[in-house]
There are 2 protein chains.
Amino acid sequence: MSPRGRRPAGSPDAREAILAAARTAFARDGYRTSLRGVARGAGVDPALVHHYFRDRAELFAEAVVASAAGTGAVDISERAQAISRLAPEELGEGIVRSFVGLWDGLGGDRFSAVIRAAMSNDESLAPFRDFIVTGILGNIMDKLAPDRPELRGQLIAGQLIGFGVVRWLARLDEVASLDIEEAVALIAPTIQRYATGELPSSAA
Amino acid sequence: MSPRGRRPAGSPDAREAILAAARTAFARDGYRTSLRGVARGAGVDPALVHHYFRDRAELFAEAVVASAAGTGAVDISERAQAISRLAPEELGEGIVRSFVGLWDGLGGDRFSAVIRAAMSNDESLAPFRDFIVTGILGNIMDKLAPDRPELRGQLIAGQLIGFGVVRWLARLDEVASLDIEEAVALIAPTIQRYATGELPSSAA
């Protein structure tokens, strides 16, 4: 600790201290917790939070999602940024490939652990919901067709979560044994329709 | 109790005794528990189990799913039978309308309770998985296109579970506020494609 009671910027444990403080803050205040408060809790300068983490979504993914998954890092935020650079007609394939690649790569039990941590009760759910809506879907909103993009993003989230539950948590055999190319070929058209397809007149 | 230690067939609590014994048996042995053992546990003649419950799926839905949902009855088995009488091209709309109608009708918190009960750990999951694969999907298998019907059924289950998680558990606002006609119009084409559409060559 420096004389001001703060960890200096170069301290090797500053990043860990931020992650620990963020976990506490997100659990206490939800996704919209103060990042200044996180810095205060970690005993670091607020600028250091932004030095280590691109944005709130990355901090949440690293502090909360990775912790629930029992792994070191979960690059959800980076993947969402990469998806936001795709052409609209590439969204279906790009989103499914990124989603399946991420959780297959980490090992499917990581997905199960996150889903269980998120869903166990309404209180645990709230920050994950805000992370999905704001931190992930917010990044791709301007790629979705302009009529009801929020609805489109939520339909995409539903298809991905359900596919993940069947593949990695319930492990239904036929879906669990698809390779990633088969998974992309099967699910991407659904995601593409939700992303850019015409909405039925009753929902437009 | 009769002299043989069994409840007579007309006993008003025989059905309740079967349900209680079934809950215990499914939890102990999984979905494939012996129905004779259930009758024995309830102190009734095995024929009475079949008198009150059409099949294993109906018994599981009434004993385990309804109990997890905190409600008196969940007519999943009857709905699956009704779906099995639809023409193939009606499956998308029929399945979504039945699924959304069921859980909207019961109140969305019932769906959340069942999902939480099923997913809380691998042990709790197993009987629900067998119920979905055997008790529900088994009923509609011969309506699905003949190439890879099990895969098709599991993809359908994934889309429905994910839509349900977003609508009733996470309650993402745009999906939660769809009326049933909008939900059917948005989700039925996905279900129809999984049920009868051409599979991509990599997965066929």
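The values are calculated or read from the model by the stated rules, or taken from the named source; none is laboratory data. Just so it is clear, the structure is predicted and the values come from calculations on it, not from any experiment. Neighbour counts are summed over all protein chains in view; Cβ atoms, including those assigned to glycine, are modelled from backbone coordinates with ideal geometry.
Being aliphatic (A, V, I, L, M) and within 19 Å of A:F163 (Cα to Cα) is the filter here, so list the residues in the stretch B:124-140 that pass it.
B:L125, B:A126, B:I132, B:V133, B:I136, B:L137
The requirement of being in a helix (DSSP H, G or I), in contact with a Gly (Cβ under 7 Å, 6 or more places away or on another chain) and of a type outside the set (S, T, Y) is satisfied by B:R110. Of the set (1) buried (at least 17 other Cβ atoms within 10 Å of the Cβ); (2) part of a loop (DSSP other than H, G, I, E, B), all apply to B:A57 but (2). For B:I136, the requirement of being of a type outside the set (G, A, S) and surrounded by fewer than 23 Cβ atoms within 10 Å (Cβ to Cβ) is met.
Considering only the stretch A:93-133, state which residues are of a type in the set (D, E, K, R) and either under 15 Å from A:G158 (Cα atoms) or over 14 Å from the mean Cα position of the chain (by Cα) (or both).
Our first condition is that a residue be of a type in the set (D, E, K, R); within the stretch A:93-133, this holds for A:93, A:97, A:104, A:109-110, A:116, A:122-123, A:129-130.
Of everything in the stretch A:93-133, those that are of a type in the set (D, E, K, R) and either under 15 Å from A:G158 (Cα atoms) or over 14 Å from the mean Cα position of the chain (by Cα) (or both) turn out to be A:E93, A:R97, A:D104, A:D109, A:R116, A:D122, A:E123, A:R129, A:D130.
In the condition set (1) under 25 Å from B:E174 (Cα atoms); (2) modelled with pLDDT under 95, A:A188 is compliant with all but (2). Restricted to the stretch A:76-85, and to residues that are surrounded by fewer than 17 Cβ atoms within 10 Å (Cβ to Cβ) and not polar (S, T, N, Q), which residue is nearest to A:A113 (Cα to Cα)? Among those residues, the one meeting the criterion is A:E78.
If you go through the stretch A:170-193 and keep only what is in contact with a helix residue (DSSP H, G or I) (Cβ under 6 Å, 6 or more places away or on another chain), closer than 15 Å to B:Q154 by Cβ and either touching a residue at least 60 places away in the same chain (Cβ under 8 Å) or surrounded by fewer than 24 Cβ atoms within 10 Å (Cβ to Cβ) (or both), you end up with A:L172, A:E174, A:A176, A:A183, A:I187, A:T190.
When the helices (runs of 4 or more DSSP H) confined to the stretch A:113-185 are screened for residues that are more than 8 Å from chain B (Cβ to nearest Cβ) and modelled with pLDDT of 95 or more, those reaching at least 3 such residues are found at A:149-164. In summary, A:G72 fulfils each of the numbered conditions (1) part of a helix (DSSP H, G or I); (2) without any contact (Cβ under 8 Å) to a residue 12 or more places away in the chain with the single exception of condition (1).
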